[in-house]
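Below is one structure, written out as structure tokens; the observations come after it.
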Amino acid sequence: MPKVKTKRAAAKRFKKTGTGQLKRMKAYKSHILTKKSAKRKRNLRQATITDATNAPTMKKILPYL
């Protein structure tokens with residue numbers, strides 16, 4: 001059976017946790033920051049877990065993660 005290629009764009013954006021879930025950074029933190037509150041920007045800094053509905057698709061395109 002041939003090897004499955006990893007989608008490199010996804011590999012740069014997702015990491016696997018110890019329990020096998022996928023960790024990602026939040027969006028909306030790169031520009032137009034003046035209208036966002038300090039609390040909102042602070043919360044966007046933290047990583048979060050990928051939603052369960054997307055996890056099977058992500059694990060398919062990241063076979064060796």
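Quick notes on this one:
- Helices (runs of 4 or more DSSP H) contained entirely in the chain, each with at least 2 residues that are open to solvent by less than 70 Å² (accessible area, probe 1.4 Å) and touching a Ser or Thr at 6+ places or on another chain (Cβ under 8 Å): 55-61
- Within the stretch 28-53, tally of residues that are touching a residue at least 12 places away in the same chain (Cβ under 8 Å) and within 16 Å of A10 (Cα to Cα): 4
The values are calculated or read from the model by the stated rules, or taken from the named source; none is laboratory data. Just so it is clear, the model here is predicted, and its values are computed rather than measured. With ideal geometry, Cβ positions are generated from the backbone for all residues, glycine too; neighbour counts draw on all protein chains shown. Note: areas computed on protein heavy atoms with side chains; ligands, DNA, RNA excluded. Shrake-Rupley method; radii C 1.70, N 1.55, O 1.52, S 1.80 Å.
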